[in-house]
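Trainee: Before we start, here is the structure in question, set down as structure tokens.
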Amino acid sequence: MSTERNKAILRRFFDEAWNRKNAEIADELFAAEYVLSDPGNLWITKGPVGVRQMIQAYNGAFPDAHFTIEEQIAEGDWVVTRWKVQSTHRGALLDLGATNRRSGTAGILFSQLKDGKIIREWTQWNKEGLMSQLGAGDATR
């Protein structure tokens, strides 16, 4: 699969899951064996089910979130996506109740694809900065 096609799959994920609030896209774009390595979200389970749970949790907490892809680089089966998000915390996120505060954060996502599906990802994002903006400690572990 071409690097441009792989980049398009990741752009579609960001647009459908985060900007259009469509958690069902996980079933189409993620492999059954998918694993996410995210030290800021240790609660996420593997496979499309875990991705759907993550999308639903974050979209419920930040219903107006808008993600922007700042940069993408692809080589072979790998895509690196640098992103940012702006949102308002209007719903509970795990054990943190709504604060109604505006917030923003950014991160980098390394995605590995196989046969048109995302099979593994590693991410780093500014969770501490986000939690600080919301006036909370480490509430989402």
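Trainee: Any residue that is β-branched (Val, Ile, Thr), surrounded by fewer than 19 Cβ atoms within 10 Å (Cβ to Cβ) and under 13 Å from the mean Cα position of the chain (by Cα) - is there at least one of those in the stretch 44-66?
Mentor: yes
Trainee: What is the residue count in the stretch 114-129 for residues that are open to solvent by 10 Å² or more (accessible area, probe 1.4 Å), in contact (Cβ under 8 Å) with a residue 12 or more places away in the chain and not in a strand (DSSP E or B)?
Mentor: 4
Trainee: Scan the stretch 101-108 and give yes if some residue there is of a type outside the set (Lys, Arg) and exposed (fewer than 14 other Cβ atoms within 10 Å of the Cβ), otherwise no.
Mentor: no
Trainee: Can you name the residue in the stretch 46-64 that is among the aliphatic types (A, V, I, L, M) and either assigned to a strand (DSSP E or B) or out of contact with any helix residue (DSSP H, G or I) (no Cβ under 6 Å at 6 or more places or on another chain) (or both) and is also farthest from residue 134 (Cα to Cα) among such residues?
Mentor: 49
Trainee: Could I ask something else about it? List pairs: first residue in the stretch 40-54 and closer than 14 Å to residue 30 by Cα, second residue of a type in the set (D, E, K, R) and open to solvent by 20 Å² or more (accessible area, probe 1.4 Å) anywhere in the structure, Cβ distance under 8 angstrom, at least six positions apart or on different chains.
Mentor: So the pair list comes out as 46/33; 47/33; 48/27; 52/24; 52/27.
Trainee: Checking the conditions here, which among 111, 87, 37 is surrounded by fewer than 18 Cβ atoms within 10 Å (Cβ to Cβ) and of a type in the set (Ser, Thr, Tyr)?
Mentor: 37
Trainee: Just to be sure I understand the filter: pairs with C-beta atoms under 6 Å, separated by 6 or more residues or on different chains, first member in the stretch 70-93 and within 16 Å of residue 15 (Cα to Cα), second member at pLDDT below 95 and outside any strand (DSSP E or B). Which pairs pass?
Mentor: none
Trainee: Within the stretch 1-34, work out how many residues are part of a strand (DSSP E or B) and surrounded by fewer than 16 Cβ atoms within 10 Å (Cβ to Cβ).
Mentor: Looking only at that region, the number is 2.
Trainee: Among the residues of the stretch 68-84, count how many are touching a Phe, Trp or Tyr at 6+ places or on another chain (Cβ under 6 Å) and crowded, with 19+ Cβ neighbours inside 10 Å.
Mentor: Count: 1.
The values are calculated or read from the model by the stated rules, or taken from the named source; none is laboratory data. Bear in mind that the values here come from a model prediction, so they are computed numbers and not experimental data. Because the Cβ atoms are built from the backbone with ideal geometry, glycine has one as well, and the counts that use them run over all protein chains shown. When the accessible area is computed, the model is the full protein with side chains, heavy atoms only, and any ligands, DNA or RNA have been set aside. Shrake-Rupley method; radii C 1.70, N 1.55, O 1.52, S 1.80 Å.
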